[in-house]
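These notes concern the structure reproduced below.
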Amino acid sequence: MSKLLSIIIPVYKVEAYVEQCLRSCAIQKGVSSEDYEIIVVNDGSPDNSMEICEKVAQDYTNIRLVNQNNAGVSVARNKGLSMAEGDYVWFVDSDDWIEPGCLKHIFKCLRSKNGLDILYIHGRVDYEDGRVDDKKYRCIFEGEIDGPEHIRRCAYPTTPQWSLYRRKFLLDNALSFFPGIYHEDSEFIPRACYVAKRIACLDVLSYHLRRGERESTTSTFRLKNALDTLVVIAHLHEYSKPLPQADKQGFYRLISRTMNNILFGTPQLSPADRKTLFKELKQNRYIFDLMSQSGSRKYRMEAWFLKHCMPLAFRLYQLVK
């Protein structure tokens with residue numbers, strides 16, 4: 001019997017959270033376990049995460065376990081994708097969880113809109129002190145839209161957990177996650193989005209993203225974050241080169257927004273790392289030209305300051321962000 005969905009869960013050092021994640025995926029009222037599978041990819045986790053997964057898997061027939069040497073989340077997701085049998089795949093992080101009963105609504109939508117390339121779902125951020133943010137990741141449009149129009153609007157989820165992808169669509173377009181870098185999602189999602197012919201939203205709470213603190217992304221910003229973001233920008237620029245001008249400008253706005261992540265996180269760097277980053281940015285000044293062509297007054301102003309006085313640009317950004 002064919003499966004409608006494969007849930008792919010990379011696992012690495014999440015022994016405190018992984019059982020909640022797995023059981024949230026396995027215990028779903030209103031759907032049959034024969035309609036979907038849960039693929040757990042152990043990315044060489046050194047703690048007890050895999051032992052917990054093995055224990056949970058004994059309770060459910062649709063959980064599949066696979067081990068690999070530690071290679072990072074991109075390789076783990078790609079491994080899960082290569083093993084998947086479902087018509088759609090959903091990349092779920094092992095320290096998060098999905099909403100009870102959400103698969104019933106997701107399956108109904110996928111069946112009624114047969115052939116969607118991407119389905120966006122409604123996610124929520126849950127902080128460990130009990131606070132929640134259920135506005136940031138709500139669905140962003142009604143009806144259906146194609147990829148180029150979506151890119152021109154520059155409005156799409158920034159993480160693949162908010163999306164279900166048709167597996168054949170990913171395979172036919174050779175779409176996979178780039179290994180060895182942080183922010184692999186920012187490199188993957190625009191490419192996947194652009195070639196999609198049918199994208200829709202399901203405004204039903206389906207995903208819970210766990211956060212320890214409101215500004216957790218900045219507290220862990222390191223030089224590798226910044227340098228890998230430059231790799232992402234380079235890939236998006238190369239991808240956009242043959243595109244029509246309107247679509248190219250959409251990518252320039254994405255690149256500008258990605259550059260803003262560097263502006264936002266740089267104060268967390270040491271003076272020595274900041275100096276290294278500035279040197280790298282000066283060697284990649286083409287980014288500022290792309291920002292100037294983004295069609296956004298904000299990004300044009302940032303580009304001007306970055307090009308003419310980089311340290312001042314970073315200070316100004318922190319004052320007005």
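Among the listed pairs Lys197/Lys241; Lys3/Lys248; Lys197/Lys298, a Cα-Cα separation exceeding 28 Å is found for Lys3/Lys248; Lys197/Lys298. Relative to the longest principal axis of the Cα atoms of the chain, helix 310-320 runs at roughly 60 degrees. Using the alpha-carbon atoms, what tilt in degrees (0 to 90, nearest 10) does helix 245-265 show relative to the longest principal axis of the chain? So the inclination is approximately 90 degrees. Among beta bridges from DSSP that stay inside segment 1-144, the antiparallel ones total about 10%. For the chain, the dipole from Cβ point charges (+1 on Lys and Arg, -1 on Asp and Glu) about the Cα centre works out to 1460 debye, to the nearest 20.
Dipole orientation for the chain: of the candidates Ile98, Gln318, Ala196, Gln318 has the Cα lying most toward the positive pole (charges on Cβ; Lys, Arg +1; Asp, Glu -1).
Projecting the Cα atoms of Ser74, Pro46, Ser2 onto the charge dipole of the chain (Cβ charges, centred on the Cα centre) puts Ser74 farthest toward the positive pole. Taking the Cα centre of segment 7-67 as reference, the dipole from Cβ charges on Lys and Arg (+1) and Asp and Glu (-1) amounts to some 120 debye. Rounded to the nearest 10 degrees, the angle from helix 271-283 to the longest Cα principal axis of the chain is 80 degrees.
Remark: the Cα gyration tensor places segment 261-302 in the oblate category, a/c being 1.5 or greater and a/b not exceeding b/c. If you take the beta carbon distance between Asn48 and Met83 as r and set R0 to 30 Å, what does 1/(1 + (r/R0)^6) give as a FRET efficiency, to the nearest 0.05? Step by step, r from the Cβ atoms, then E = 0.80.
Here segment 1-104 is treated with +1 on each Lys and Arg Cβ and -1 on each Asp and Glu Cβ, and its dipole about the Cα centre works out to around 160 debye. Largest first, the residues Lys29, Lys113, Lys104, Lys279 sort by 1.4 Å accessible area into Lys29, Lys279, Lys104, Lys113.
The values are calculated or read from the model by the stated rules, or taken from the named source; none is laboratory data. All values derive from a computational prediction rather than experimental measurement. Backbone-built Cβ (ideal geometry, glycine too); neighbour counts: all protein chains shown. The protein model used for the area step is the full one, side chains on, heavy atoms only, and it has no ligands, DNA or RNA in it. Shrake-Rupley method; radii C 1.70, N 1.55, O 1.52, S 1.80 Å.
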